[in-house]
Amino acid sequence: MLTVVGAKNIRTINNPSFTVSSTYTFQIEKVDINKESTVLHCVSCNHPGWWFKIASSCYLLADGKKIKVNSAEGIKMDTNITVDSTRQCRYSLIFPAISAKTNSIDFLEGDFDGAFQVFGINLKNKKLLYDSSAIPEIVRKAAMNPFDNGKLLPMPKWENGFATVRGKLVGYNPHMRSKIEIFPECPFDLNTASIKPNISDDGSFLAVVPLYTSHQAVYIQIGDYSVSIILENGKECDLYVDLVKSSHYITDRIKAVDSYRDENECVYIYFSGAMSDVNNQITKPDVCDLKSLSRNMPKPERDNITSEEYRDVIFKCMEKNLSTLDSLHLITSARQYMTSLIKSNTAINILYPSWSYIKINPNDRMAHRSNDVMKSISKLDLNNMMLAYTGKFSTLSNYVDCAIGLDTVAVKTFNLSSKKMAENGSTFEQINEYQRKYQHDYVASILGSSSGPVFDVIEGQYFSNILDSYSPFNDKQLVELNSMGNDVIKNYFLKKNNELKVLLEKRKNNKNYIIHTEKYNSGEDFLAQIEKTYEGKVVMIDLWGTWCGACRSSIKYFEPYKSELNKKGVVFVYVTDDESPEEAWHNMCGGISGEHYRLSSKQTHEIFEKFKFFGWPSYIIKDKTGKYIYSQTGAIFENSIVDKLENALKI
């Protein structure tokens, strides 16, 4: 029964229906309404040991009014709550009373990214409050009744171009903090920017997505939902995301298995336009379940299983997924796509095992690998352009390229030969050339061929890493690039190299950064000089490296916040050491406003010891009195550090 009125005139709505939820880890099991209060009885679901937090900025939207939370029972708000072995934590949020005439409410944890939000909580009946006709019936029918023309997918070709993605979020509410992010996979350049289209109030969005092959996969994140789809160069893909049905599918599934789901595919999505027949099928939930091998992996009989045993487990999982795939009766092109994807994931799992599954001592991991085991992926026949469909092109190529690093015999031969060359007077360039050839031959032994798309991608990633250090190509590198057989990749990096030169020239006129050349006796001496130089100021110290991807990503993420904080008096100090090449450091500094210092590795190690840092990047905040009020290792991808700086300014 929906509503029960007790002796104390409490109206109870059990398992209230809702329209859309921003997350599947937060659920409202019951609403109690009386003259004094409105109580939401909630449950948070997650892995044991993981944590969640409910902010004290919670509020309800009822009849156009904002009603702030009064208190909580069962948890302390603004505090990390660890989930126990039950995978669930129940608690209550208590709000002021709402009108007895209120038909529905919205719950919002706050107006910040990542806030839990539940819209259209129905207090009267079980109806879903949304217009399902927003999805054209012809589109819905095409998705539900696919036609198989028996044609295989066309083999992708290398070519630069664009595709258009036009979408509609059905059930969207302008109060949502949902964002859309599209990740176009450029396999030979791992630093391509994602695309973040704006969402209109009616839930519509439009994005022009760069492509690097004629047909390729792109990954789309829509709030908490994610999906991989196929785009065609020069064509348009239209998609309709039913947020309502997606929210309920995931929530009901979690309740059914009483556990947190590892992945959250966007399960109710409908396509029209280019590649719609394939996209409609590969985004179905039962098909998406086959994208992961781990769900079918049997429990290991013992710890420390051998690499051969692990390989055999992976291949058995692959065969099981392929057999299940046959039973789904997909159209020919969708079945071909899924076969390529399952085989790609098989290779990736063999190249980089699940150590938590094997349960092997970290010190023994290299000895666990062998070239013979890794050679087994050659029978999967993956060194072809079908990889562009799977979205695994860059991952597989990167894992293949790095496989040598986890082969004990190969690493020993590699290191001994390099050392001998150095002792015999070989130059750095000669040693580097030998190492690249050795690595190429090793990859060839794994794939069973010495050329093909995977090798093109690996070569492209080599040039990408050079430009990623903000160092334009030298003459020798330009000669090597111009001799590359793949014109698409070659022209891509020639253009990017010229763009980098223009950027570095422009940065010479940037007055927002200062490079300090002072020398220091120790890490402690440096910190003392920083305190003296910026006495009475709030200082944020960022220890970073040019080689550190997480460092650079955090700097880029934080950049929009700096201008306002700097006006209020915060000084931003960036510290690197001699592990960062000096030319690359100078080039990067021009794009990072603030005070830049370069120490020795010994001095940064002393700072790390003082603050018990364990990696890069690491951060220190000093308040106006000279007191260190914050120190932390790890990339910045949240606004909490902004709050700490704001609070420090108030002291």
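The values are calculated or read from the model by the stated rules, or taken from the named source; none is laboratory data. Please read all numbers here as calculations on a predicted model, not as lab measurements. Reconstructed Cβ throughout: ideal geometry from the backbone, glycine too, with neighbour counts over all protein chains shown. Each accessible area value is taken on the protein alone, full model and side chains, heavy atoms only, with ligands, DNA and RNA left out. Shrake-Rupley method; radii C 1.70, N 1.55, O 1.52, S 1.80 Å.
Data overview
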{"quantity": "In segment 581-592, the residues that are touching a Lys or Arg at 6+ places or on another chain (Cβ under 8 Å) and surrounded by 18 or more Cβ atoms within 10 Å (Cβ to Cβ)", "calculated": "Trp585, Asn587, Met588, Gly590, Gly591"}
{"quantity": "Strands (runs of 3 or more DSSP E) lying entirely in segment 42-133 (those with 1 or more residues that are exposed (fewer than 15 other Cβ atoms within 10 Å of the Cβ))", "calculated": "65-68, 71-73, 88-96"}
{"quantity": "Failed condition for Phe162, given (1) over 30 Å from the mean Cα position of the chain (by Cα); (2) open to solvent by 70 Å² or more (accessible area, probe 1.4 Å); (3) in contact (Cβ under 8 Å) with a residue 24 or more places away in the chain", "calculated": "(1)"}
{"quantity": "Flag for Arg365 being part of a helix (DSSP H, G or I), open to solvent by 30 Å² or more (accessible area, probe 1.4 Å) and either modelled with pLDDT of 85 or more or not charged (D, E, K, R) (or both)", "calculated": "no"}
{"quantity": "Pair list, Cβ under 8 Å, 6 or more apart: segment 280-306 residue at positive phi, other residue of a type in the set (Asp, Glu)", "calculated": "Asn304/Asp364"}
{"quantity": "Filtered residues of segment 314-345 (kept if under 11 Å from Val287 (Cβ atoms), open to solvent by less than 40 Å² (accessible area, probe 1.4 Å) and not in a helix (DSSP H, G or I))", "calculated": "Leu330"}
{"quantity": "Candidates Thr38, Thr82, filtered to the one that is within 22 Å of Ser104 (Cβ to Cβ) and of a type in the set (S, T, N, Q)", "calculated": "Thr38"}
{"quantity": "Among (1) open to solvent by less than 80 Å² (accessible area, probe 1.4 Å); (2) within 33 Å of the chain's Cα centre (by Cα), the one test that Asn491 misses", "calculated": "(1)"}
{"quantity": "Lone unmet requirement of (1) modelled with pLDDT of 95 or more; (2) out of contact with any Lys or Arg (no Cβ under 6 Å at 6 or more places or on another chain) for Lys562", "calculated": "(1)"}
{"quantity": "Members of segment 498-517 found to be open to solvent by 90 Å² or more (accessible area, probe 1.4 Å) and either among the charged types (D, E, K, R) or under 12 Å from Tyr597 (Cβ atoms) (or both), listed by number", "calculated": "Glu499, Lys501, Glu505, Lys506, Lys508, Lys511, Thr517"}
{"quantity": "Condition check for Lys532: within 18 Å of Gly591 (Cα to Cα) and assigned to a helix (DSSP H, G or I)", "calculated": "no"}
{"quantity": "Any hit, segment 21-33, residues being open to solvent by 70 Å² or more (accessible area, probe 1.4 Å), of a type outside the set (S, T, N, Q) and on the phi < 0 side of the Ramachandran plot", "calculated": "no"}
{"quantity": "Members of segment 540-566 found to be surrounded by fewer than 16 Cβ atoms within 10 Å (Cβ to Cβ), within 14 Å of Gly591 (Cα to Cα) and of a type in the set (Gly, Ala, Ser), listed by number", "calculated": "Ser553, Ser563"}
{"quantity": "Filter pass, Glu595 being touching a strand residue (DSSP E or B) at 6+ places or on another chain (Cβ under 8 Å), crowded, with 16+ Cβ neighbours inside 10 Å and in contact (Cβ under 8 Å) with a residue 60 or more places away in the chain", "calculated": "yes"}
{"quantity": "Segment 188-203, residues that are loosely packed, with under 15 Cβ neighbours inside 10 Å, under 30 Å from Asn173 (Cβ atoms) and in contact (Cβ under 8 Å) with a residue 12 or more places away in the chain", "calculated": "Ser194, Lys196, Asp201, Asp202"}
